[in-house]
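Here is the structure we will look at, set down as structure tokens.
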Amino acid sequence: MTNDDEIKTPEVRQSNTGRKLSDSQSDESKALAEIMRRGIRKNGKFREKLTDYSHAFARGEKFDAMKAEMIIRDQFKEQYGETMNQMRLCLKERQENLPETADRDALEYARMIEPLIRDGDTMPFYRAYDYVGGALAEKLNITEAGAKELMTTAYRKVEGRELYDFGKALEKKFIVPERNAEQQAREAKPDLTRSRARA
């Protein structure tokens, strides 16, 4: 255990709920709080996921799903300084009150997708779109879904075409040939092995 772990554990365990948890329950509920945060940052939603994870967390414990939900909510507030709903509402408010530069930023980020698909260790469109959407969301402090929508709209307005279609065309040009070459190389390997075995 590092000194940082020793410092953080008592801080997170100071809530009324946290003091009553075993180490494993505390670790699990902290991890679940992080999953909730990630979901809120992604699409501004948490209710269904919270219900599902609360039921899963309660399974095998001596408390029910409602208690599990309360524990996860408490851990969330302890870790992030606000409730899940407060985080959701803040992101929503920022989405509704974007800075004047938001469209320009969105277009700039949308254009970052092309080199990610084309150059170096290339990635397929869905990964490049997700990566860049996450970066824009972080810059504007909005949800990733909101950032992706902004990029799509800005790109369509300026370029007169859909970002998705452009990305898939790039993928077809740069990713598919590479993928096919890799597959052919994999398929050729067993033939070499069999040829050597016969010789």
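So here's what we get for this one:
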{"read-out": "Candidates 57, 76, 63 - the one that is part of a loop (DSSP other than H, G, I, E, B) and either of a type in the set (A, V, I, L, M, F, W, C) or in contact with a helix residue (DSSP H, G or I) (Cβ under 9 Å, 6 or more places away or on another chain) (or both)", "value": "63"}
{"read-out": "Criterion (surrounded by 14 or more Cβ atoms within 10 Å (Cβ to Cβ) and in contact (Cβ under 8 Å) with a residue 40 or more places away in the chain) met by exactly one of 30, 67", "value": "30"}
{"read-out": "Residue, nearest to residue 118 (Cα to Cα), within the stretch 129-172, restricted to residues that are crowded, with 19+ Cβ neighbours inside 10 Å and of a type in the set (Val, Ile, Thr)", "value": "132"}
{"read-out": "Test: residue in the stretch 107-127 that is within 19 Å of residue 172 (Cβ to Cβ), of a type in the set (Val, Ile, Thr) and assigned to a loop (DSSP other than H, G, I, E, B)", "value": "yes"}
{"read-out": "Residue match in the stretch 153-163 (condition: under 17 Å from the mean Cα position of the chain (by Cα), on the phi < 0 side of the Ramachandran plot and assigned to a helix (DSSP H, G or I))", "value": "no"}
{"read-out": "Residue among 139, 168 that alone is within 30 Å of residue 86 (Cα to Cα) and of a type outside the set (Ser, Thr, Tyr)", "value": "139"}
{"read-out": "Residue within the stretch 154-164 that is of a type in the set (D, E, K, R), in contact (Cβ under 8 Å) with a residue 60 or more places away in the chain and either within 28 Å of residue 45 (Cα to Cα) or assigned by TED's automatic domain parsing to the domain that holds residue 108 (or both) present", "value": "no"}
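The values are calculated or read from the model by the stated rules, or taken from the named source; none is laboratory data. This is a predicted model, so every value here is computed, not measured. Ideal geometry is used to build each Cβ from the backbone, glycine not excepted, and the neighbour counts take in all protein chains shown.
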